[in-house]
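Reading through the structure tokens given below for one structure.
The values are calculated or read from the model by the stated rules, or taken from the named source; none is laboratory data. What you see is a predicted model; the values in this text were computed from it and never measured. Backbone-built Cβ (ideal geometry, glycine too); neighbour counts: all protein chains shown.
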Amino acid sequence: MTRYARVIGTGGYLPDEIRTNEQISQTVDTSDSWIIERTGIKSRRIAGPDETASSMAEIAARQAIEAAGCDPEQIDLIIVATGTPDRVYPSTGCLLQQRLGIKDCVSFDVQAACSGSIFALNIADQYIKSGAAKTILVVGTEICSRIVDWTDRGTCILFGDGAGAVLLGLSEETGILSTHIHSDGEYEDLLYCPNPQAASESNKHESAFISMRGNEVFKVAVNTLGRIVDETLEANNMDKEAIDWLVPHQANIRIIAATAKKLKMSMDQVVVTLENQGNTSSASVLLAFNEAIRDGRIQRGQVVLLEAFGAGFTWGSALIKY
Ligand code: ACO
């Protein structure tokens, strides 16, 4: 039997509070028009005081489980991608397992910043292909608003909160065609978020907020995502025309447009959610994937390219026959 990891359900959650560009421009020196022109973002969602990465993950996960019509006890592996875990430990995966009331399965977290859910899909695919697991819940969940310095106009305009989930099941029918992931640790200084509590003496006075040299990150992201598209197509001996949908990480509309251009794709074939969500880091690709499945754009049998780029640097893609 050829084993494939097939998407059997998806889910998503966005918190209620909407924070507009107008609101941000009342506290830092920026404007609605600057943010829209340079990023494509108009507003983002902000988690409520009692919400956490695991509480948002639970809502997205329950939706995915319901869509699949699956008994939670069938899940044998939970992988949560997050850079904003509720606690250092237990992992958010374990906290999600507790929330879902699953007695016995394996749960862990993956930390690859904005590429986290692609890394998680890569791991899940290996588990299913090897026969080590049959039903895997992958969740990307982030409370970026709590690690953003709301006085730094270079970063606070970009990020938002939310969670996306996908349930994968063992199938003989084609599902995930391939995944490709990479890391290059050389670029720490361009994009990082300190953890002062565990830092060395010289770093422990750093703030606990995201620090980014946006313009330099932008250039690397555009080049790198162009390369991952080529790598994915080559690995599958596939032409650009075979891809029905691009579901990119939602960092900046100009980065997304550059990748679509490389694929000679019309923006009508690209799922864009950043306008009202901003960059939800590891949640963004799964949130966009879920949205386009639920509104009927992505249909069974279509070929979908998911891709992401983030701190590390990390980057990757997943080519899926939905
Ligand atoms: N409002 C107004 N002006 C601003 C703002 C703002 N919010 N932010 C920066 N500026 C100014 C700068 O100070 C600069 O002014 P100067 O010319 O007087 O020096 C000017 O605008 C241009 O700044 P740039 O940084 O060159 O602007 P750029 O066009 O690159 O846009 C942005 C900035 C939106 C951050 C962009 O670089 C970007 O999206 N970068 C990539 C982000 C990304 O992909 N991150 C990876 C994923 S995140 C993760 O993994 C956690």
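To keep it simple, each residue is scored yes or no on (1) without any contact (Cβ under 8 Å) to a residue 60 or more places away in the chain; (2) surrounded by 18 or more Cβ atoms within 10 Å (Cβ to Cβ).
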position	(1), (2)
ALA221	no, yes
ARG227	yes, no
ASN237	yes, no
ALA242	no, no
GLY301	yes, no
Note to self: Restricting to segment 171-197, and then to whatever is in a helix (DSSP H, G or I) and either among the acidic types (Asp, Glu) or in contact (Cβ under 8 Å) with a residue 12 or more places away in the chain (or both), can you tell me which residue is farthest from ASN252 (Cα to Cα)?
What the structure shows: PRO196
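Of all the helices (runs of 4 or more DSSP H) wholly in segment 48-150, which have at least 2 residues that are over 23 Å from LEU306 (Cβ atoms) and either within 16 Å of the ligand (Cβ to nearest atom) or not polar (S, T, N, Q) (or both)? Even if it seems obvious, please write down each step before you answer.
Details: elements: 53-68, 92-100, 116-130.
Here the list reads 92-100.
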Check: So which residues in segment 151-182 are within 12 Å of the ligand (Cβ to nearest atom) and over 15 Å from the mean Cα position of the chain (by Cα), if there are any at all?
Finding: THR151, ASP152, ARG153, GLY154, THR155, CYS156, ILE157
Margin query: Could you go through segment 8-31 and let me know if any residue there is within 23 Å of LEU305 (Cα to Cα) and either polar (S, T, N, Q) or within 16 Å of the ligand (Cβ to nearest atom) (or both).
Written below: yes
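Being surrounded by fewer than 24 Cβ atoms within 10 Å (Cβ to Cβ), away from the ligand (no atom under 12 Å from the Cβ) and not hydrophobic (A, V, I, L, M, F, W, C) is true for just one of ASN252, ASN276, ASN290. Which residue is that? Write out each step before concluding.
Details: ASN252 fails: away from the ligand (no atom under 12 Å from the Cβ); ASN290 fails: surrounded by fewer than 24 Cβ atoms within 10 Å (Cβ to Cβ).
Exactly one of ASN252, ASN276, ASN290 is surrounded by fewer than 24 Cβ atoms within 10 Å (Cβ to Cβ), away from the ligand (no atom under 12 Å from the Cβ) and not hydrophobic (A, V, I, L, M, F, W, C), namely ASN276.
So how many residues does segment 32-47 have that are within 16 Å of the ligand (Cβ to nearest atom) and either under 30 Å from TYR89 (Cβ atoms) or assigned by TED's automatic domain parsing to the domain that holds THR280 (or both)?
Going through segment 32-47, the residues within 16 Å of the ligand (Cβ to nearest atom) turn out to be 32-44.
Restricting the remaining residues to those that are either under 30 Å from TYR89 (Cβ atoms) or assigned by TED's automatic domain parsing to the domain that holds THR280 (or both) gives 44.
Final tally of qualifying residues: 1.
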Item checked: Pairs with Cβ under 7 Å, 6+ apart, first in segment 248-260 and more than 14 Å from LEU158 (Cβ to Cβ), second within 11 Å of the ligand (Cβ to nearest atom) -> PRO248/ILE256; ALA258/VAL222; THR259/LEU225; THR259/PRO248
Check: Restricting attention to segment 101-122, does a residue exist that is over 28 Å from VAL217 (Cα atoms), buried (at least 22 other Cβ atoms within 10 Å of the Cβ) and in contact (Cβ under 8 Å) with a residue 60 or more places away in the chain?
Finding: no
